[in-house]
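Q: What follows is a single structure, and I will ask about it in a moment.
The values are calculated or read from the model by the stated rules, or taken from the named source; none is laboratory data. All figures in this text were calculated on a predicted structure; none of them were measured in a lab. Here the Cβ positions follow ideal geometry from the backbone for every residue, glycine too, while neighbour counts run over all protein chains shown. Each accessible area value is taken on the protein alone, full model and side chains, heavy atoms only, with ligands, DNA and RNA left out. Shrake-Rupley method; radii C 1.70, N 1.55, O 1.52, S 1.80 Å.
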Amino acid sequence: MPMIMQEFQTVAPKQQSYPTCASTVPVIDLVLALDGSTTMDSDTFQSVIDRTFEMVNKVVFGPNNVRVMMGVYDNTTHFQFDADLSFIETVPDYLNTVVNEMFYGYTGGDGNNIMGVAEYVLATTMSAPFRENARKLITIISSQGWNQGNHGKGFSDPTLMFQELKNQGVEVYAIGYGASANMTQLMLVSPCARYAPTEFGLLDAIDNFYGMICSTTPTLYPTCAPTVPIIDLVVAFDGSATMNRSTFSTVADKFLELAQNVVFGPNNVRIMMGVYDNVNHFQFDTNLDFVTTVSTYLTVLVNELYAGYTGGDGNNLMDVAEYVLAIMSTPFRENVRKMITIISTQGWDRGNNGKGFSNPTLMFEELKNHGVEIYAIGYGPGANMTQLKMISPCARYAATEFGLIDAIDNLYGMMCSSTPTC
């Protein structure tokens, strides 16, 4: 654990990259629902509360600007507010509420009764309504599925309640945290839900939220139209020793957003993903077939998050190419875009106890002859961009973790085009 913390401390605090909103942007009514249940440990709860102090640097409070309502929920039958049931309009009132949450908010209840949050907000809008011409936002942090907890009984499905809120123009931004978070459920209520496997990822998701509220419209990458694109995509994650474990988790976390950017289905987007390092084949941890549903995709990706990292010695790209050529027995579809995305932290002539690996350029050339596009991302000081550009003309270099995330965002932009952009 100390080593992981040191790795994260070498990265510049991401919240500093989000600008403070202009005084006229935005006009928002915001509800913050903080998870105080037992699957959200008290130390992480305190870190989240600490991060909410930064809100005063991001927005302008006031009856004609930003108003905030905040509280804690767990397994109770209603959305538990510890301080004030009405919208907060001044910085002193906001800070007082945050301090109260810091000292008295954590409850440690058994479960996430998200239905109670939706019911409370719907009831609140009747007596203390959202403003008609303001942007309306709910942010929920959740560490457990709504079918869990409550002494094994779980809670009611809140999707219809949240649909009613959306019908009233309310945006929902959910953050799933930790091993028990159910992202399949959260994406039903919040298409832009983010997953955070670690406390650092959770704080980054909150920073992303600050970036969203500084716009008059959501700042998400556009979702591709249902008919564009039709893609068979292979994603090869680098799980070697030169890709540290924390960055590996950040990359896998980022790929959760793919579920928001494409339409899965046997006639739309299909994805195959796995981890490679120095082993003699492309290591898949769960499924050798193309994934065609969001739920299966999320299950495979979460498995990668928790079991995918290997820490092997080297980047055996030859075996990625050999594996993909071998799956011609379960072929790419003929009339679709075919793409391979590779993340690489080391040249193929390195690692493997100093022996390196075979040059894969001819293998990748054969794949290109089959109409396969290659998008490679080189990360860190060991990446060999000269080699990567031999197999991928549009290879991107990322010197930092932030650059790596940006290169993945660029992939999403490429996929939303009906023709190759490289």
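Q: Determine whether T227 is modelled with pLDDT under 75 and open to solvent by 20 Å² or more (accessible area, probe 1.4 Å).
A: On the way: modelled with pLDDT under 75: yes; open to solvent by 20 Å² or more (accessible area, probe 1.4 Å): yes.
For T227, the condition - modelled with pLDDT under 75 and open to solvent by 20 Å² or more (accessible area, probe 1.4 Å) - is met.
Q: Then there's this: Could you go through region 346-366 and let me know if any residue there is under 15 Å from I271 (Cα atoms) and of a type in the set (G, A, S).
A: Among the residues of region 346-366, not one is under 15 Å from I271 (Cα atoms) and of a type in the set (G, A, S), which makes the answer no.
Q: Take the residues of region 274-297 that are under 18 Å from the mean Cα position of the chain (by Cα) and open to solvent by 10 Å² or more (accessible area, probe 1.4 Å): which is modelled with the highest pLDDT?
A: T293
Q: From G145, G176, grab the single residue that is outside any strand (DSSP E or B) and either at pLDDT 90 or above or open to solvent by less than 40 Å² (accessible area, probe 1.4 Å) (or both).
A: Values: G176 fails: outside any strand (DSSP E or B).
When all the criteria are applied, what remains is G145.
Q: Can you find a residue in region 131-142 that is in a loop (DSSP other than H, G, I, E, B) and either surrounded by 15 or more Cβ atoms within 10 Å (Cβ to Cβ) or modelled with pLDDT of 85 or more (or both)?
A: Yes, there is a match, as at least one residue in region 131-142 is in a loop (DSSP other than H, G, I, E, B) and either surrounded by 15 or more Cβ atoms within 10 Å (Cβ to Cβ) or modelled with pLDDT of 85 or more (or both).
Q: Looking at region 121-132, is at least one residue free of Cβ contacts under 8 Å to residues at least 60 places away in the same chain, basic (K, R) and out of contact with any Ser or Thr (no Cβ under 8 Å at 6 or more places or on another chain)?
A: So far as region 121-132 goes, no, none of its residues is free of Cβ contacts under 8 Å to residues at least 60 places away in the same chain, basic (K, R) and out of contact with any Ser or Thr (no Cβ under 8 Å at 6 or more places or on another chain).
Q: Within region 315-362, take every residue that is more than 30 Å from V263 (Cα to Cα) and of a type in the set (A, V, I, L, M) and give me the one that is most open to solvent (accessible area, probe 1.4 Å).
A: This residue is L362.
Q: A follow-up question, please. Looking only at helices (runs of 4 or more DSSP H) that fall completely inside region 298-393, which ones have 1 or more residues that are under 24 Å from L404 (Cβ atoms) and modelled with pLDDT under 85?
A: Output list reads 317-326.
Q: From the list T39, T107, exactly one residue is of a type in the set (S, T, Y), at pLDDT below 90 and assigned to a loop (DSSP other than H, G, I, E, B). Which is it?
A: Sole residue among the options that is of a type in the set (S, T, Y), at pLDDT below 90 and assigned to a loop (DSSP other than H, G, I, E, B): T107.
Q: So which residues in region 42-60 are of a type in the set (K, R) and either modelled with pLDDT of 85 or more or surrounded by 19 or more Cβ atoms within 10 Å (Cβ to Cβ) (or both), if there are any at all?
A: Pass one, region 42-60, residues of a type in the set (K, R): 51, 58.
Once the filter is applied, which keeps residues that are of a type in the set (K, R) and either modelled with pLDDT of 85 or more or surrounded by 19 or more Cβ atoms within 10 Å (Cβ to Cβ) (or both), region 42-60 yields only R51.
Q: If you don't mind, there's one more thing I want to ask. Kindly indicate which of G178, G111 is on the phi > 0 side of the Ramachandran plot and in contact with a Pro (Cβ under 9 Å, 6 or more places away or on another chain).
A: G178
Q: Then there's this: If you scan region 87-109, which residues turn out to be in contact with a Ser or Thr (Cβ under 6 Å, 6 or more places away or on another chain) and of a type outside the set (A, V, I, L, M)?
A: Result: Y106, G108, G109.
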